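Working notes, structure below.
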Amino acid sequence: TAKNGPVVAIRPGGKGDISTAKKLHVWTRPNNTPDVSSPLIHNGLVYLCRENGAVICLDAETGKQHYHDRVYAQTYRASPVAANDRVIFTARDGTFSVVKAGPTLEIISKNKLDDQFTASPAIANNRLYLRGYKSLYCIGSK
């Protein structure tokens, strides 16, 4: 859900309205959750990016929190993406924070483009596609 509502891990196989089917709920994070961006699950970890740049890393099976730290103080609307054991967080001001995937926060780099971004990055054929307000960017090898 959005707007600081709960994030719920659901067992596969449910049918119908699963919002109240507690037997299908594995764990719930009731608040301090994303406003707009979708959760990312990568290598058994769940990454949540709050609108203020706070990133929460949880164990996908248990919901146990590994960390809750800010990667960069800005507005975030895009969903995080993962590639090459890295997680990329996109700030509206064009700053891209690259974090090493894992249970501890390790910021590898911050890169900035002169544009604004609210769309989530897309990855295809070893290229990163970024849709800004002014331009579409493709980053990768020729």
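The values are calculated or read from the model by the stated rules, or taken from the named source; none is laboratory data. A quick note: this is a predicted structure, and the numbers were derived from the prediction, not measured. Cβ placement follows ideal geometry from the backbone for every residue including glycine, while neighbour counts extend to all protein chains displayed. These area figures cover heavy atoms from the full protein model, side chains too; ligands, DNA and RNA do not enter into them. Shrake-Rupley method; radii C 1.70, N 1.55, O 1.52, S 1.80 Å.
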Calculate what fraction, in whole %, of the accessible area of segment 58-142 sits on carbon and sulfur atoms when a 1.4 Å probe is rolled over the protein chains.
-> 45
Accessible-area value, residue 66, 1.4 Å probe, nucleic acids and ligands omitted, Å² | 60
Report, ordered by chain and residue number, the lysines lying within cross-link reach of residue 23, taken as a straight Cα distance under 16 Å and ignoring same-chain residues fewer than 8 apart.
-> 15
Which of 83, 60, 21 fluctuates most in a GNM of the chain (C-alpha springs under 10 Å)? That residue is 21
Segment 124-142 and segment 1-27 have their Cα centres apart by a whole-number Å value of 34
Evaluate the charge dipole of segment 21-142 about its Cα centre and quote only its size in Debye, nearest 20, assuming +1 on the Cβ of each Lys and Arg and -1 on the Cβ of each Asp and Glu.
-> 180
Where Rh denotes the Kirkwood radius from the mean inverse Cα pair distance, what is Rg over Rh for the chain?
-> 0.99
Rg ratio (alpha-carbon, reference 2.2 N^0.38 Å) - segment 62-120 = 1.13
Just the Cα atoms of segment 23-94: what Rg and Dmax do they give in Å?
-> 12.1, 42
Accessible area of residue 109 in the full protein assembly, 1.4 Å probe (Å², nearest 10) | 40
Interchain or sequence-distant (5+) residues whose placed amide H lies within less than 5 Å of the amide H of residue 116 are 133, 134
For the chain, the per residue accessible area (1.4 Å probe, Å²) is 57
Ranked by accessible surface with a 1.4 Å probe, highest first, in what order do 17, 115 come?
-> 17, 115
Charge-dipole axis of the chain as Lys and Arg at +1 and Asp and Glu at -1 on Cβ define it, positive-most pick from 108, 54, 34 = 34
The summed charge of the residue 76 Cβ neighbourhood (under 12 Å; Lys/Arg +1, Asp/Glu -1) stands at +1
At residue 43 and residue 4, where each label point lies 7 Å from the Cα along Cα→Cβ, what is the point-to-point distance in nanometres?
-> 3.3
